[in-house]
Every structure is written in C-alpha cells, then in structure tokens.
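One structure is given below, encoded as structure tokens.
The values are calculated or read from the model by the stated rules, or taken from the named source; none is laboratory data. None of these values were measured; they are calculated from a predicted model. Counting neighbours? That spans all protein chains shown, and the Cβs are built from the backbone with ideal geometry, glycine included. SASA here: full protein model, heavy atoms, side chains in, ligands and nucleic acids out. Shrake-Rupley method; radii C 1.70, N 1.55, O 1.52, S 1.80 Å.
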Amino acid sequence: NDLAIIDTGSNGVSYAKHLMNACMAIAVNPASGDVAIVGTEATNEIRYEPNVQGRFTRVKLARVKPLGPTILGITDMNPHLTYLVPTIPQVDRDRSLGDPRGIAWNGTGSKAYVTGMGSNNLIVLDSSGARVGIAPTIPVGEGPTGVVMDGAHSRLLVMDKFEGAISVVDVTTEVETARVPFHDPSPTAIRVGRKHLYDTHKNSGLGQIACGSCHVDARFDRL
C-alpha cells in the first residue's frame with residue numbers, strides 16, 4: 001500500500017522516493033498534468049505508546065511532476081493540527097480530515113476535492129495543496145469514498161459507502177444539496193461497527209485517526 005516514485009540517477013542506478021505509507025487515491029491535475037496522491041503517513045520511526053500518545057498518523061497530499069519524476073511537495077491536509085498535544089476541543093477535531101479515500105479536480109485544475117471516509121466530510125484544496133474551502137469542511141454522508149466532478153452542473157457526486165447513498169454537493173456554495181440512498185446489503189452489526197472502527201472525529205483526540213488508520217479496510221493486515 002506504500003507508493004514510491006522510481007527514478008534513475010545520473011549514474012544509471014534506480015532509486016525510490018518515498019511519498020507516504022498508505023496511498024488511497026490518485027488524480028491528475030488537468031491544467032498542469034501534475035499527479036496528486038492522498039493518503040496517510042505513520043510515524044513508524046517513533047516507538048509506540050506512551051511516546052506518540054495517539055499522534056502516530058498524518059493525513060497527507062503529495063504532488064508529483066511526472067517528468068523526472070519530481071516531488072513538488074508533500075502537504076499535511078490538516079494544517080490546523082500542531083500535534084503538540086494529544087487532544088483538542090471537539091469543535092477543532094471536526095475540522096480534521098480523516099482516512100482520505102478520493103480526490104477529484106475541477107476542470108481548470110484550480111481546486112481539488114478530497115473525501116474523508118473516517119471523518120464523513122470533504123475538504124477543498126487549491127493547486128498547491130492548501131485548504132481554500134468556504135468552511136473548514138463540507139459534511140456529507142457516512143463513509144465518503146469515491147468523488148467525481150460534474151462540471152456541466154457545477155456539482156460533485158460523492159459515494160457515501162457506509163450510509164449507502166450518493167451525496168450531491170454544489171461546488172459554488174460548497175454545501176450538500178441532496179443525498180440519494182441506494183440499497184446496502186451489509187448486516188446490521190457491520191453497519192453499526194463501522195462507526196467505531198473508522199470514525200476519526202469520535203475516536204481520536206485530534207480528529208484525524210481511528211482504528212481503521214492502521215487496520216486499513218479491516219483486512220490489510222488481516223486484523
């Protein structure tokens with residue numbers, strides 16, 4: 001689940017440029033051709049509790065220019081977090097994006113929209129990866145994953161995987177305008193349990209991590 005950019009140096013030897021531990025989605029900026037990757041980076045170099053105190057994961061955006069290839073930058077998508085303390089007020093946790101799973105650019109490449117499966121929201125980024133949303137986040141249904149831009153109608157369509165619905169988001173007002181349900185055959189126990197495994201706002205002091213941050217999709221490490 002780790003993504004590295006393979007490059008060949010002047011001596012002809014190939015080497016890898018590490019981006020992040022868990023890469024969840026990728027999209028190409030239609031204006032610049034740069035590649036954007038969203039995912040999470042774990043501070044695995046630090047011995048676990050009590051040293052990290054629940055601050056072992058960052059939510060990142062990496063921008064890569066294909067020619068070279070060249071890493072243009074790796075940005076923390078939760079710039080309001082300093083990680084100096086293990087817990088902050090709930091109102092600040094709710095500003096966080098957790099478990100990013102989808103990214104879509106608008107037609108001009110000036111804005112990107114990233115879904116947070118664990119935080120039940122979207123954020124808006126500019127072409128450099130900085131947050132530029134009208135509000136800190138755009139709340140949608142539970143477990144948003146895939147996101148596509150419908151430029152002709154100035155809207156986003158977001159798949160709310162856990163809720164079993166499609167959220168319609170107006171990109172002008174940056175507000176969810178409709179939520180269309182579809183059939184979800186998941187057993188009740190699984191539907192209820194998702195909130196505990198993945199919800200980053202309820203289950204972490206900073207709002208950006210949950211059990212699912214390590215146990216990716218509850219199957220990546222077979223736990």
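Numbers below:
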{"item": "Convex hull volume per residue in cubic angstrom - Cα atoms of the chain", "result": "140"}
{"item": "Where the chain is the region considered: accessible area per residue in Å², 1.4 Å probe", "result": "49"}
{"item": "For the stretch 73-78, Karplus couplings with θ = phi - 60° (6.51, -1.76, 1.60), whole Hz, Gly/Pro x", "result": "x, 10, 10, 7, 7, 10"}
{"item": "Under 29 Å, Cα to Cα: Lys pairs in the chain, sequence gap 8 or more or different chains", "result": "12"}
{"item": "Kirkwood hydrodynamic radius of the stretch 88-163, Cα pairs, Å", "result": "12.5"}
{"item": "Rounded to whole Hz, the Karplus (6.51, -1.76, 1.60) HN-Hα couplings of the stretch 147-158, x for glycine and proline", "result": "9, 10, 9, 9, x, 5, 10, 6, 8, 10, 10, 10"}
{"item": "Within the stretch 163-187: backbone nitrogen closer than 17 Å to the residue 134 label point (7 Å, Cα to C-beta)", "result": "168-179"}
{"item": "Dipole magnitude of the chain about its Cα centre (Cβ charges: Lys, Arg +1; Asp, Glu -1), debye to nearest 20", "result": "200"}
{"item": "Where only C-alpha atoms are counted, convex hull volume of the stretch 143-193 per residue in Å³", "result": "75"}
{"item": "Pairs of Cα atoms farther than 19 Å apart, the stretch 32-159, %", "result": "51"}
{"item": "Amide H within-cut-off set for residue 214, under 5 Å, with H built and near neighbours excluded", "result": "none"}
{"item": "For the stretch 110-156 versus the stretch 182-209, the gap between their alpha-carbon centres in whole angstrom", "result": "19"}
{"item": "Rounded to whole Hz, the Karplus (6.51, -1.76, 1.60) HN-Hα couplings of the stretch 167-176, x for glycine and proline", "result": "8, 9, 10, 6, 7, 7, 8, 6, 9, 5"}
{"item": "Carbon and sulfur %, accessible surface of the chain computed with the full protein complex present, 1.4 Å", "result": "58"}
{"item": "Listed residues 147, 114, 180, most fluctuating in the chain (Gaussian network, C-alpha, under 10 Å)", "result": "180"}
{"item": "Cα-centred dipole magnitude for the stretch 83-205, charges only on beta-carbon of K, R (+1) and D, E (-1), debye, nearest 20", "result": "220"}
{"item": "Stretch in the chain that is longest and holds no chymotrypsin sites (Phe, Trp or Tyr not before Pro) that DSSP places in a loop and that have at most 11 other beta carbons within 10 Å", "result": "49-181"}
{"item": "CD proxy at 222 nm, helix term only [per DSSP H run n ≥ 4: -39500 (n - 2.57); per residue of the chain; nearest 500]", "result": "-2000 deg cm²/dmol"}
